[in-house]
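Asks: Sharing a structure with you now.
The values are calculated or read from the model by the stated rules, or taken from the named source; none is laboratory data. A quick note: this is a predicted structure, and the numbers were derived from the prediction, not measured. Because the Cβ atoms are built from the backbone with ideal geometry, glycine has one as well, and the counts that use them run over all protein chains shown.
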Amino acid sequence: MIAGADAARTRGLRRFIDNERWLGRLLLAPAVIYIVALVGFPFLLAIYYSLSDATVGSRTLHFVGLRNYGQIMDNPTFWESLRNAIVFTLVSQVLVVVLAKILALALNRNFRGKWLVRFLILLPWVAPISLGVIGWLWIFDPVYSIINWGLRAIGVFGPNTWPIWLGQPNLAMASVIMVDVWRLLPLATVIILAGLSSIPQDIHDAAAVDGVGFWRHLFRITIPLVMPIMLVALLFGVVFTFTDMIVIFVLTRGGPYDTTQVLASYAFFTGIQGGNLADGAAISLFLFPVLVGVAVLFLTMARRAEVT
Amino acid sequence: MATVETRAVTKSFDGSNAVDAVDLLVKEGEFLVFLGPSGSGKTTLLRMIAGLEAPTSGDILIGDKVVTQMPPRARNIAMVFQSYALYPHMSVFKNIAFPLDAQGMHRDETRKKVEWAAGLFGIQRLLQRKPRQLSGGERQRVALARAVVREPVVFLLDEPLSNLDAKLRTSARDELQQFQRRLGTTTIYVTHDQVEAMGLGDRIAVLNNGRIHQLGTPQEVYDDPADIFVATFIGAPPMNLVESEGIVTGFRPEHFLPHEIYHGDQDVTRFPFKVTRVEYLGSDRLVYGILEQPFPAAHVISRLPSNVSVAVRKDEHHEFVVRNRDLRYFDRASGKRATPPSRTTPP
């Protein structure tokens, strides 16, 4: 009897698994639940909050229309954050693309110990971001900075040169950009490397026979052919950088004087730490149209540049 | 126009020689074919002449100048690849103009040259298209136009027809030969297809295991193979080989015919054999069989043209003959050609 019930249950299960319609839904479910619960719902909630007077302390909230947006527009810190976010993103991504391209070209060659170099270059990507950034916090430490001590030891810095990396406005921006480049370089390199190795060797041979030198080969053949995939790397980089606040949060907390404050960190400080959920939500929503625009732009360009 | 010469050129990969001390002289304006099975080193040899691979040892000369250490661009050669290797992001015009851009040629002159090259291959109307919008045959023409446009002294062609379908291949072969004759440029052509090799080449270099087994005109290579490898590699079906007493006797299937065909006064060798299979191919019949006493039981094939009406059926015993002047002898140990044994008829 028990065996019979088991068999019936197995049959039922098998019928369910063999049914493609239900199996398909079942397999899609985790992704859908994840997106709805952790992206979709908070996104709608953010829109709702941004149109209300929600704070951390109160249990009630009232609809206030676009008042929060108006307040933000009048707030100079918001504009400073927006400007910083754009500078932070653009400068770091230009550096990432150029450096990643150079690295990928180097790694595309064969040389002894290549696997070790590849491994070392990938390290920043596999290390937890916050731990890596804490490492950088020590490197930039005003008293113990290994950069300052090191450069003084080899005589580059004189006795009166002692930059406070995270404490001087321009240096602070340079520092956070440097760390962001360090963090995103591996991913971009790996993506571009994949693009490079997808170019058939025949094409390179043909270019060599056709008589081009290194630079013309690079700019007329190699770069145009990896362009679509480079744009994908750039898209990832821009989105990661524009929405990221870990680097800023750990290193500078937006300081000094908001000179490294970006939209993501400003939204966090206003909404969560400052308790003003409504303003924080409104600030963070400014990220959305910008990122949609960036994504559409890059995907269109990538398709136009598509070559095969 | 130039000669191409290799002097003891060797290329080793991981200790074994892909190309083994090859000496070769390609004459000015000649159409030379490298023919060999895959892995014979023919493409490696071509790539070394192009400068895409550096020889492990030996020298390469183009037009009596040693170019062994020079990069491809300094050798004034053009190459057509099996995949055509068109630049996918450039229009046909830009593809063809690319070698000229690399020379820094003036724009007007470039345009004139590109139009001339495109005209040679009838692709003027395709100049604005991208390679992906072209058919296989059109791509091949673009690749040829790109090779021609710079007026190089040597053309190197690496199986340029192997990606075309059979019908197109025949006409492309014809065009290729015509344009080579017209330009008179020294050409080296790599293929594993013996029909292409026989049809195109002024001379054929038959390669195997990195060595040239024979260098000669198509007729020499076919009629007088230098060794057993050439004898069996060229010809379909290959030459029949019968081995006895250290000597291998070879004869082509089309020379192995029923004795009724020949008049009594011809100097022939008789081969009694048992038919095991007959294939009717329209223009020919292929007769498979096993030789009988006094010969060792070797498998042999006869190709009977359709105008030979002798009835041949499975399991029958026949006496086929080969004219003695069509017999070739090889030394079994070395595989090389040997002098015919003193006796002219079998015991």
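Asks: Mind telling me which of the residues B:THR56, B:THR44 ends up being out of contact with any His (no Cβ under 8 Å at 6 or more places or on another chain) and buried (at least 18 other Cβ atoms within 10 Å of the Cβ)?
Replies: Going through B:THR56, B:THR44 in turn, just one is out of contact with any His (no Cβ under 8 Å at 6 or more places or on another chain) and buried (at least 18 other Cβ atoms within 10 Å of the Cβ): B:THR44.
Asks: Taking the stretch B:98-116 on its own, how many of its residues are more than 10 Å from chain A (Cβ to nearest Cβ), closer than 20 Å to A:TRP215 by Cα and either among the β-branched types (Val, Ile, Thr) or in contact with a Lys or Arg (Cβ under 9 Å, 6 or more places away or on another chain) (or both)?
Replies: The total comes to 1.
Asks: Quick one: what pairs do we get from the stretch B:72-90, first residue under 18 Å from B:PRO55 (Cα atoms) and more than 7 Å from every other protein chain (Cβ to nearest Cβ), second part of a loop (DSSP other than H, G, I, E, B) and among the small types (Gly, Ala, Ser), C-beta under 8 Å, 6+ apart or different chains?
Replies: Pairs found: B:ALA74/B:GLY51; B:ARG75/B:GLY51.
Asks: Just to check your reading of the model, which residue among A:ILE72, A:ILE35, A:ILE47 is without any contact (Cβ under 8 Å) to a residue 40 or more places away in the chain and at negative phi?
Replies: Step by step, each of A:ILE72, A:ILE35, A:ILE47 is checked, and only A:ILE35 is without any contact (Cβ under 8 Å) to a residue 40 or more places away in the chain and at negative phi.
Asks: Can I ask one more? What residue, of A:LEU184, A:LEU120, A:LEU116, is surrounded by 15 or more Cβ atoms within 10 Å (Cβ to Cβ) and assigned to a helix (DSSP H, G or I)?
Replies: A:LEU184
Asks: Would you be able to tell me the number of residues in the stretch B:1-21 that are closer than 16 Å to B:GLY58 by Cβ, touching a residue at least 12 places away in the same chain (Cβ under 8 Å) and surrounded by fewer than 23 Cβ atoms within 10 Å (Cβ to Cβ)?
Replies: Here the count works out to 10.
Asks: Ok, one more. Any residue in the stretch B:49-68 that's away from chain A (no Cβ under 14 Å) and touching a residue at least 24 places away in the same chain (Cβ under 8 Å): show its pairings with residues that are polar (S, T, N, Q) and crowded, with 19+ Cβ neighbours inside 10 Å at Cβ separation under 6 Å, as long as the two are six or more apart or on different chains.
Replies: From residues that are away from chain A (no Cβ under 14 Å) and touching a residue at least 24 places away in the same chain (Cβ under 8 Å), the pairs are B:ILE60/B:THR6.
Asks: Moving on. Restricting to the stretch A:261-308, what's the tally of residues that are within 14 Å of chain B (Cβ to nearest Cβ) and either acidic (Asp, Glu) or buried (at least 21 other Cβ atoms within 10 Å of the Cβ) (or both)?
Replies: Residues meeting the conditions: 1.
Asks: If I ask for residues that are modelled with pLDDT of 90 or more and either touching a Leu at 6+ places or on another chain (Cβ under 9 Å) or polar (S, T, N, Q) (or both), which ones from the stretch B:285-296 would you list?
Replies: Within the stretch B:285-296, B:ARG285, B:LEU286, B:VAL287 qualify.
Asks: If I filter the stretch B:85-108 for residues that are surrounded by 21 or more Cβ atoms within 10 Å (Cβ to Cβ), of a type in the set (A, V, I, L, M) and not in a helix (DSSP H, G or I), do I get at least one hit?
Replies: Yes, the stretch B:85-108 contains at least one residue that is surrounded by 21 or more Cβ atoms within 10 Å (Cβ to Cβ), of a type in the set (A, V, I, L, M) and not in a helix (DSSP H, G or I).
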